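The structure appears right after this line, and notes come after that.
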């Protein structure tokens, strides 16, 4: 199976009905995009839409993140990070046997030719994401949720930034403007910038969603207002038969229905649905954590990245959100208090003004493929099966381009992308 789905076999005319499994930001956006073609869409999720990674992410719209996670030299740095259980990368040792094959594939993805190919695919998918989200937020009537003040990456010094040289070179290759700043330049943008950071890299044309959950809920509201159907049920299996696709939930009326097409946008839970179909999708949950401090959003003016800590800081509607790092421990292990405490400690060290404020912790499952390239499109070997999975850290960024790609592949070209069309009832 390839990382990017084939385009052959897509129907010429839009189908009358489609079912989308998974109501995170990717699934909800896909449902909205298909609906713009007049398709009757049923959206199914076991929980409240947008309450997984779509709720707890940093809100970053980051099309310049074209570098995959596995870069040349990764093998030299990973062992040291693994020994530090409070560092940017941690592995739950009980999960290591299950994750071993994924880790091997991850390391192999760092080969320079694979990195270059992945960056090209990521740029192809994510370019234009900032304009897309700005347009959709305005269209939905929630333009206040979109902020276009750029992203500021902070380093202890210019020499430290060379550790991320490959990523910055790839951004430049694909045309992203980067301004290098000294401490005075940093403070001109961020008066409360943490001490100890003398070098900055500023991406002016990046954005932030100030409340990812409310953003997803706004999409969902528009979808339902236009006649979309939301079903809260746990999808236990998807199966094709001579009448179409069945979605097994244990609810008789729903199980009896058939759809000509199914879109799987189930994030880290997608492999379990695809395995019975003979598809072994190598998605691993990279568990991310955040700490949020109510009322402290004034401490930053935009998304700020502490590059040495692999931590994103964002001014959310509800407070200052500090999140990031990677923990590989599977889908069933409980949240690791040590990881959450580590994020909180980084935040308090960076911003002494947080003293006395309580932190709220969260953990979510990022669905990551070894090469970092999502699988988006029709799977030719299985008629009517479409995938929109594996976006890793960039689900919010990639949600709208992914949705448009699915809708165009299934229904044909459209004069305008769905984010420029009227979405409310």
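Since every read-out is calculated from the coordinates, none of them should be taken as a lab result. Here the structure is a predicted model, which is why all the values come from computation and not from measurement. Cβ atoms come from the backbone with ideal geometry, glycine included; neighbour counts cover every protein chain shown.
Summary of values
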| item | result |
| --- | --- |
| 0 to 90° range, to nearest 10: angle between helix 395-411 axis and the chain longest Cα axis | 20 degrees |
| Computed helical MRE - 222 nm, the chain, DSSP H runs ≥ 4 contributing -39500 (n - 2.57), nearest 500 | -9500 deg cm²/dmol |
| Largest-first principal axis extents, alpha carbons of the range 225-266, Å | 32, 21, 20 |
| Length-normalised contact order of the range 165-315 in % [C-alpha pairs under 8 Å, at least 6 apart] | 15 percent |
| Difference of contour (0.36 nm per residue) and Cα-Cα distance, residue 83 to residue 205 | 40.2 nm |
| Within a Gaussian network of the chain (alpha carbon springs, distance under 10 Å), most fluctuating of 166, 397, 30 | 166 |
| Max mean-square fluctuation residue, GNM over the chain, Cα-Cα springs under 10 Å, options 312, 351, 106 | 351 |
| Acute angle (nearest 10 degrees) that the helix 112-126 long axis makes with the longest principal axis of the chain, alpha-carbon atoms | 70 degrees |
| Rg to Rh quotient for the chain, alpha carbon positions, Kirkwood Rh | 0.96 |
| Rg/Rh ratio calculated on Cα atoms of the range 277-386 (Kirkwood radius) | 1.11 |
| Cβ-Cβ FRET estimate between residue 224 and residue 280, R0 fixed at 30 Å, reported to 0.05 | 0.30 |
| Rule-of-thumb Rg ratio for the range 10-91 [Cα; 2.2 N^0.38 Å; N residues] | 1.63 |
| The range 232-274 - percent relative contact order, Cα under 8 Å, separation 6 or more | 31 percent |
| Residue 138/residue 40 FRET efficiency (R0 25 Å; Cβ-Cβ; nearest 0.05) | 0.40 |
| Cα-based shape type of the range 338-418, given that a ≥ b ≥ c are square roots of the gyration tensor eigenvalues and the cut on a/c is 1.5 | prolate |
| Rounded to 5, the percent of DSSP beta bridges in the chain classed as antiparallel | 70 percent |
| Angle in degrees between helix 25-35 and the longest Cα principal axis of the chain, rounded to the nearest 10 | 40 degrees |
| Top of 350, 60, 359 by mean-square fluctuation, Gaussian network on the chain, Cα under 10 Å | 350 |
| Mean Cα-pair separation over length for the chain, i.e. relative contact order, pairs under 8 Å, 6 or more apart, % | 29 percent |
| Residues residue 415 and residue 360, FRET efficiency given R0 of 30 Å [Cβ-Cβ distance, rounded to 0.05] | 0.10 |
| Distance in nm between pseudo-label sites at residue 148 and residue 243 (7 Å out along the Cβ direction from Cα) | 4.9 nm |
